[in-house]
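Student: If you scroll down you'll find the structure; I have some questions about it.
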Amino acid sequence: MKELILGGARSGKSRHAEQRALLSGLEVVYVATAVAGDAEMAARIGSHRARRPESWLTVEEPLALAAGLEANAGSGRFVLVDCLTLWLSNLLAEGEDVFRCERQALLQVLPGLPGPVCLVSNEVGYGIVPVNPLARRFVDEAGWLHQELASRCDRVVWVAAGLPQLLKGAP
């Protein structure tokens, strides 16, 4: 099963995904996309690491997500990707060719991956339209990516205030 979990910052989406992974009873591979570019991001990464069980395999993949998924997905594994919006930021910083190539690779590989894959992402399109052109592009690209992924996923969940709301798929 492929699952997309969306929500705002600090909505509880990562905790919900982690609970899904724990309840699966499978070996868990946590694919982390964040890069600690400053102290605040390093602290965020640290808090995520601290709450993960030691038995979980962590794979850091800030760019080549499709390749990382292909290398780590399996019928006896639950793969949790956190988070797609950080990955998207990384791609946009790398330039147009990398962005287009890696985005397309993810969309192509996802449906054929063996085992459960859970993708976590921030919904960023509910605020005002940003003044900055790069920020506007980021909001647009995130929205388009979420639509594409939602069409390819079996289950889509929206999390607000720690409460998961099923948008698509079986409970």
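Student: Checking the structure you have, find out if any residue of region 145-152 is outside any strand (DSSP E or B), touching a helix residue (DSSP H, G or I) at 6+ places or on another chain (Cβ under 7 Å), within 25 Å of Ala67 (Cβ to Cβ) and not aliphatic (A, V, I, L, M).
Tutor: Yes: region 145-152 contains one or more residues that are outside any strand (DSSP E or B), touching a helix residue (DSSP H, G or I) at 6+ places or on another chain (Cβ under 7 Å), within 25 Å of Ala67 (Cβ to Cβ) and not aliphatic (A, V, I, L, M).
Student: While we're looking at this one, here's another question. Picking from Ala71, Ala21, Ala17, which residue would you name as being out of contact with any helix residue (DSSP H, G or I) (no Cβ under 8 Å at 6 or more places or on another chain) and exposed (fewer than 14 other Cβ atoms within 10 Å of the Cβ)?
Tutor: Numbers: Ala21 fails: exposed (fewer than 14 other Cβ atoms within 10 Å of the Cβ); Ala17 fails: exposed (fewer than 14 other Cβ atoms within 10 Å of the Cβ).
Criteria check complete, one pass: Ala71.
Student: Within the bounds of region 83-96, is there any residue that is open to solvent by 30 Å² or more (accessible area, probe 1.4 Å) and farther than 15 Å from Thr33 by Cβ?
Tutor: Checking region 83-96: at least one residue is open to solvent by 30 Å² or more (accessible area, probe 1.4 Å) and farther than 15 Å from Thr33 by Cβ.
Student: Return the residue satisfying two criteria in turn: it lies in region 113-137 and is part of a helix (DSSP H, G or I) and not hydrophobic (A, V, I, L, M, F, W, C), and of such residues it is farthest from Ala150 (Cα to Cα).
Tutor: Pro133
Student: Of everything in region 8-62, what is on the phi > 0 side of the Ramachandran plot and at pLDDT 95 or above? Give them in sequence order.
Tutor: Here is the first cut: in region 8-62, the ones on the phi > 0 side of the Ramachandran plot are 10, 12, 25.
The answer is Gly12, Gly25.
Student: Given the conditions (1) loosely packed, with under 15 Cβ neighbours inside 10 Å; (2) on the phi > 0 side of the Ramachandran plot, and given that Gly125 satisfies all but one, which numbered condition is not satisfied?
Tutor: The number of the failed condition is (2).
Student: Also, quick follow-up: Quick one: Pro133 ticks every box in (1) open to solvent by 30 Å² or more (accessible area, probe 1.4 Å); (2) closer than 29 Å to Leu22 by Cβ bar one, so which box is it?
Tutor: Answer for Pro133: the failing condition is (2).
Student: State all residues of region 104-120 that are surrounded by fewer than 20 Cβ atoms within 10 Å (Cβ to Cβ) and not aliphatic (A, V, I, L, M); if no residue qualifies, say none.
Tutor: Within region 104-120, Gln104, Gln108, Pro111, Gly112, Pro114, Gly115 qualify.
The values are calculated or read from the model by the stated rules, or taken from the named source; none is laboratory data. Computed from a predicted model, the values in this text were never measured in an experiment. A quick note on method: Cβ atoms are made from the backbone with ideal geometry, for glycine too, and the neighbour counts reach across all protein chains shown. Ligands, DNA and RNA are stripped out before the accessible areas are found, and what is left, the full protein with its side chains, is counted by its heavy atoms. Shrake-Rupley method; radii C 1.70, N 1.55, O 1.52, S 1.80 Å.
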